[in-house]
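First the structure, in the form of structure tokens, and then the observations on it.
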Amino acid sequence: MDGEQILSVQQALDVIEQMPLEDQMTVIEVLQRRLLEQRRSEIARYATTTLQAVREGHARFGTVEELKRDLD
């Protein structure tokens, strides 16, 4: 396979299905860890953006009721 060639999801699944069961389980574990790390990175980016907004005075705090009033 070329270094830059991208498999379709179905092609990837077909390749994985041909692997021994233990290798398939390893693929699942690796994907789960990678997805978890991506989610953590995404949360960290949101936190950084939120903290910046708070520092710059663009964020507001309040109760749900206050939010509802502001939206009306």
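The values are calculated or read from the model by the stated rules, or taken from the named source; none is laboratory data. Given the structure is predicted, the values throughout are model-derived calculations rather than measurements. Note: ideal-geometry Cβ built from the backbone for every residue, glycine included; neighbour counts use all protein chains shown.
A single member of Arg45, Arg69 is of a type in the set (Lys, Arg), within 18 Å of the chain's Cα centre (by Cα) and assigned to a helix (DSSP H, G or I), and it is Arg45.
Taking every residue in segment 59-72 that is without any contact (Cβ under 8 Å) to a residue 24 or more places away in the chain and pairing it with any residue that is surrounded by 10 or more Cβ atoms within 10 Å (Cβ to Cβ), at least 6 positions away or on another chain, the pairs with Cβ-Cβ distances below 7 Å are Ala59/Thr50; Ala59/Ala53.
Of all residues in segment 40-52, at least one satisfies being without any contact (Cβ under 8 Å) to a residue 24 or more places away in the chain, out of contact with any helix residue (DSSP H, G or I) (no Cβ under 6 Å at 6 or more places or on another chain) and either among the aromatic types (Phe, Trp, Tyr) or on the phi > 0 side of the Ramachandran plot (or both).
Every condition in (1) modelled with pLDDT of 95 or more; (2) not in a helix (DSSP H, G or I) holds for Gly57 except the one numbered (1).
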